[in-house]
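Notes to accompany the following structure.
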Amino acid sequence: MHLPFFRRWRARHVLRDGQETIRSIFSKFRRIQKLNTGILELMAEMDRALGGEYIFDRAFLESSVHKLGDSVYQVVYCLNALSQNKYVALFERFQSVKDILDDILRGGAGPLASSLTIPYPALGWEMEPLVGMMNICLAEARHRYALRAPDGFVVTAAGCKAFLEANGFSKDYCLGRDSQSLKEAFAGAAIPLDLEKAVEREMHALQGRCPEAIRLSVRPCPTEAGSMEPFPIGIDNISPGELLSVCKLALAGYASHAAAWVERDLCVALAVHEAMPVSLSGSISPDRLPGSNFEAFSITAAPVQDPEAVETYWVSSSPPFDLLQSHILSKDPARHPEHTARALTSRHRGFYAGSGWTGPGFLKTVAQSAATIEKMMGASFEVQWGRDESKSPVILGISQVCHTMEQSHLSADLFDILQGRDILLKGGETAQAGISYGKIVHVSENTPAGGVPFGAIAVARKATPQLSQILDRVSALITEIGTPAGHLATIARELRVPAIFGATGALDILAEGTDVTVDAGDRVIYSGRIDPLLSYRASGADLCPTEPEYIVLRSLLRWIRKLNLIDPEDDNFSIENCNTYHDIIHFAHERSIEELIHIQEHANLQNSVPARRLEVDFPLHIYVIDVEEDDPEGIPDARQGTQVHSEPLQAFLQGLASKALWEDNPNPPISLQDIFSGLDRTEATLAGPPEHTGRNLAIIARNYMNLSLHLGYHSSIIDAYLDENPGRNTISFRFAGGFADARRRGRRVALIKNVLDKIGFKTTVKGDLLSGYLRWTTKEESTQALNTLGSLTGFTRRLDVSMVSEGSIEDMLRLFTSKTSKDSR
Amino acid sequence: MSDSLENRNISDKLQLLILDDEAIVCKRLKPAFQKAGYEVETFVDSASAKSRINEKRFDIVITDLKMEGDDGLRFLSHIKTISPETGVIIITGFATPETAKESFQKGAFDFVAKPFRLNDIIDLVRRMEKRIRSGA
């Protein structure tokens, strides 16, 4: 027996506990949101540092990683706090990523350090210490820039080291023998079983990717930063069966050079790639036209069968890559029947006529590949090319000539030259630094990939992600609207395309066809071509992918920014698959929303917490609990707009209050089947847990609403967060139940789905349960969506019994559209 | 010591010294300032920079704060002793209110936390140049 006073005291405590639970869950949710915003901003700052706009040092990398670690840990903590420790395993994933980042900062190669082999498609700049720069260049050229370069795989520095150590091939051993006896020792040495298996696996995968790759090339690639000599000698045209023994030979050849050893280590990886049969080969690199300051590419070429017969050509380094000058040899066509070159013949005035090993058309295609590689490398480079049977250029090797050409490429009077040039546009923000020249082309998100001339300077209204498809063809991208923190900016940095976003008036000022030189770092667009400024590219001011700082930053970002978990509905969206900080915070964000959607179940609120009834203009009782008010007073009145501080709820109620929607809808007779069907669910509903049978309750805050509605025989939950940051805006909608039979209920769900799909929701239907969510929308778009959801809720109440045929879906859709448009009028 | 600042011709390029023990900072700042119209010398150790300061007067010095040997604050004090009119900018990845305050007390023109935008530091140097040229 309890005294009445005690009962009141106890009841008050229960109520207070319930409210505290809601507040606690909501405050953790908001904390996660705030932390996530800070983390994303920090990631964006690190990402922008890749674009060359910022000067940074190691301290920046260390402090950024430290700050990120602290914040991500707090996100994991908050998620567990709001979910009663449902996600404890996420702490382990956090620790594992943190350990990787600490290792990279200490100079390690992260978890890939022990990989014995890595396929070309998986290579990135950050793997340089493990695989060597040449392998990365070839892989980037093929897989990121779609150039014709060989596919293959790498026997990593770890793989080579495993072989050397297993056989006792130390520095003293290798340098103490002549090259012939070293080759014999290596040839007779055993390859560790795990390495042999790894090579076999890669070979099998390569044959799957390139069914015709039956001949291979093997080349040693130095892995010590900056130690790369151009094009180490390799062994070409071998069969897969010879691969292991050729790998040993290639290593023996490399190990016999004293210069190849760095202290006690042979820092080398092996490139194993398709052999590219060519008849003509040569190199191409940036140069100046002899006797001028004109920026050009110099191209050498010689028949593979006659490598001494080298000719040199100079072509313009920008489209249309015109042939400017050439030094061609006198040749005997009879000696080279496969080449169509004509011999030099004497003409009047002492001139000679003849032809080179190749013509201007082919040289243009070589130069186009070089222009792409120049963008990719961002510094002085040399490309080894070949001409294959189809007369197309293939990339055989890429190397950085030196880290910087500094003074030789920096005009002493560049400042004065630039002062005298006509500036067409100045402003915007740098998304990727860099200098380029080309003709202006106006583009939009509808421009097809092939619709832009190679090397053009593209100008667009908005930096939309769709423009990424033209990025590998353009020399620079200018947009009037957009920020360096957006998705397109990230891709521009990945592809190293100079880009300026937010350049107001660019489309009007920069007319199509105008020749311009773009200095994206300075955010200036000059009229015409400025060769001294183009030469400045080799000065070392830009942050190149070959810089150690760039490599460390890329390595860190691989485990920080890369997002592997994308779709929350996917089975792989799990703790075990959280491999980066971005994965962890995205997972936590999604799961915290999930927890919030069920906030009313967690806090066991129905009929237990002092909610205030909302005064509304339509026949529905809605109660509200405001988690931001300590001691609410007064009656919340949606009609007067008093005491309803929640923006999402206001938006929803505005749609729900639409008078036209509360007029009676067509009401066909209820069938016997409906009655039995409804009775059955009514009984089940009544027997169910309280959260399915309770009152209409909204838990609200200024930016938040969790509304649980029970209209007749169906329930819906609308969970919404709304603020100025599109990344945080989210609306979740669930709808289930009804009185009519399954087919009619299904038609009502189809109707709702149709409306939601049209306003951008991602929806799924299982039975009569419809789930939908809307994300990444502006505040205005989210408000409009909530308004529509309100209207839809009013319109579809008891509508299932009216959905007598499939045609009803279209009929009701038209009626809904007419009613909502009538109301908006 | 060559070149008195007071006797400078308006068309003369200003002399800049950059000291940072991280080579990448010098490597990137040097061509950027040359392009902006300055004569630039860079150093990655404070001892070499100090000995250069003793033989040549620079208009502007950009120095890192935390370095082996003499740190940025000691280098700043040294510059101010032998060439008080030289403007000094401290750049650092370890910015704290204390180090900023100390830098200003010792006569630094500005204190910039890394990472910074290339354009921002060039703008800062241009402001200093205006003051130097106007004799302020």
Quick check on region B:48-63. Is at least one of its residues surrounded by 18 or more Cβ atoms within 10 Å (Cβ to Cβ) and within 14 Å of another protein chain (Cβ to nearest Cβ)?
yes
Considering only region A:422-538, give the helices (runs of 4 or more DSSP H) lying wholly within it that have at least 1 residues that are farther than 29 Å from residue A:366 by Cβ and modelled with pLDDT under 90.
A:487-495
Could you list all residues from region B:31-41 that are hydrophobic (A, V, I, L, M, F, W, C), outside any loop (DSSP other than H, G, I, E, B) and at the interface with chain A (Cβ under 7 Å from one of its Cβ atoms)?
B:32
Is at least one residue of region A:539-552 in a helix (DSSP H, G or I), at pLDDT 90 or above and away from every other protein chain (no Cβ under 14 Å)?
no
Residues located in region A:500-523, provided they are surrounded by 22 or more Cβ atoms within 10 Å (Cβ to Cβ) and among the β-branched types (Val, Ile, Thr)
A:500, A:516, A:517, A:518
Within region B:71-103, which residues are free of Cβ contacts under 8 Å to residues at least 12 places away in the same chain and more than 28 Å from residue B:55 (Cβ to Cβ)?
B:96, B:97, B:98, B:100, B:101
Could you check, for region B:19-30, whether at least one of its residues is more than 11 Å from chain A (Cβ to nearest Cβ) and either out of contact with any helix residue (DSSP H, G or I) (no Cβ under 8 Å at 6 or more places or on another chain) or modelled with pLDDT of 90 or more (or both)?
yes
Residue B:127: in a helix (DSSP H, G or I), under 27 Å from residue A:533 (Cβ atoms), among the charged types (D, E, K, R) and at pLDDT below 90, yes or no?
no
Looking only at region A:800-822, decide whether some residue is surrounded by 17 or more Cβ atoms within 10 Å (Cβ to Cβ), assigned to a helix (DSSP H, G or I) and within 30 Å of the chain's Cα centre (by Cα).
no
Among residues belonging to region A:695-710 that are under 15 Å from residue A:596 (Cα atoms) and of a type outside the set (Gly, Ala, Ser), point out the one that is farthest from the chain's Cα centre (by Cα).
A:697
Counting only residues that are farther than 30 Å from residue A:376 by Cα and not in a helix (DSSP H, G or I), which one in region A:52-87 is nearest to the other protein chains (Cβ to nearest Cβ)?
A:87
Restricting region B:84-106 to residues that are under 18 Å from residue B:132 (Cα atoms) and out of contact with any strand residue (DSSP E or B) (no Cβ under 9 Å at 6 or more places or on another chain), the residue that is nearest to the other protein chains (Cβ to nearest Cβ)
B:85
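Condition check ((1) modelled with pLDDT of 85 or more; (2) assigned by TED's automatic domain parsing to the domain that holds residue A:780; (3) among the polar types (S, T, N, Q); (4) assigned to a helix (DSSP H, G or I)) across all residues:
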site	(1), (2), (3), (4)
A:652	yes, yes, no, yes
A:661	no, yes, no, yes
A:666	no, yes, no, no
A:674	no, yes, no, yes
A:683	no, yes, no, yes
A:691	no, yes, no, yes
A:726	no, yes, no, no
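Could you list, in sequence order, all residues of region A:189-212 that are loosely packed, with under 14 Cβ neighbours inside 10 Å and not charged (D, E, K, R)?
Once the filter is applied, which keeps residues that are loosely packed, with under 14 Cβ neighbours inside 10 Å and not charged (D, E, K, R), region A:189-212 yields A:190, A:193, A:204, A:207, A:208, A:211.
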Can you tell me how many residues in region A:731-779 are in a strand (DSSP E or B), touching a residue at least 24 places away in the same chain (Cβ under 8 Å), more than 17 Å from residue A:711 (Cα to Cα) and of a type in the set (A, V, I, L, M)?
2
Please verify whether region A:74-82 includes one or more residues that are among the hydroxyl-bearing types (Ser, Thr, Tyr) and within 23 Å of the chain's Cα centre (by Cα).
no
Could you say whether any residue in region A:339-346 is at pLDDT below 90 and in a helix (DSSP H, G or I)?
no
Residue A:702: within 14 Å of residue A:649 (Cα to Cα) and basic (Lys, Arg), yes or no?
yes
Leading residue by the ranking (farthest from residue A:113 (Cα to Cα)) among those in region A:264-279 that are in contact with an Asp or Glu (Cβ under 9 Å, 6 or more places away or on another chain) and assigned to a strand (DSSP E or B):
A:274
In region A:528-538, which residue that is more than 28 Å from residue A:465 (Cα to Cα) and either within 11 Å of chain B (Cβ to nearest Cβ) or not aliphatic (A, V, I, L, M) (or both) is surrounded by the fewest Cβ atoms within 10 Å (Cβ to Cβ)?
A:528
Matching residues in region A:179-211 - criterion: being touching a residue at least 24 places away in the same chain (Cβ under 8 Å) and of a type outside the set (A, V, I, L, M, F, W, C):
A:179, A:183, A:192, A:194, A:196, A:201, A:202, A:207, A:209
How many residues does region A:785-799 hold that are modelled with pLDDT of 90 or more and either touching a strand residue (DSSP E or B) at 6+ places or on another chain (Cβ under 7 Å) or surrounded by fewer than 16 Cβ atoms within 10 Å (Cβ to Cβ) (or both)?
3
Can you say whether residue A:590 is at pLDDT below 90 and of a type outside the set (S, T, N, Q), as far as the supplied structure shows?
yes
Which of the residues belonging to region B:107-133 are in contact with a helix residue (DSSP H, G or I) (Cβ under 6 Å, 6 or more places away or on another chain) and within 14 Å of chain A (Cβ to nearest Cβ)?
B:114, B:115, B:118
Suppose we filter A:162, A:187, A:157, A:122 for residues that are of a type outside the set (S, T, N, Q), closer than 29 Å to residue A:50 by Cβ and in contact with a helix residue (DSSP H, G or I) (Cβ under 6 Å, 6 or more places away or on another chain); which single one remains?
A:157
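The values are calculated or read from the model by the stated rules, or taken from the named source; none is laboratory data. Given the structure is predicted, the values throughout are model-derived calculations rather than measurements. Don't worry about glycine lacking a Cβ; one is built from the backbone with ideal geometry, like all the others, and counts go over all protein chains shown.
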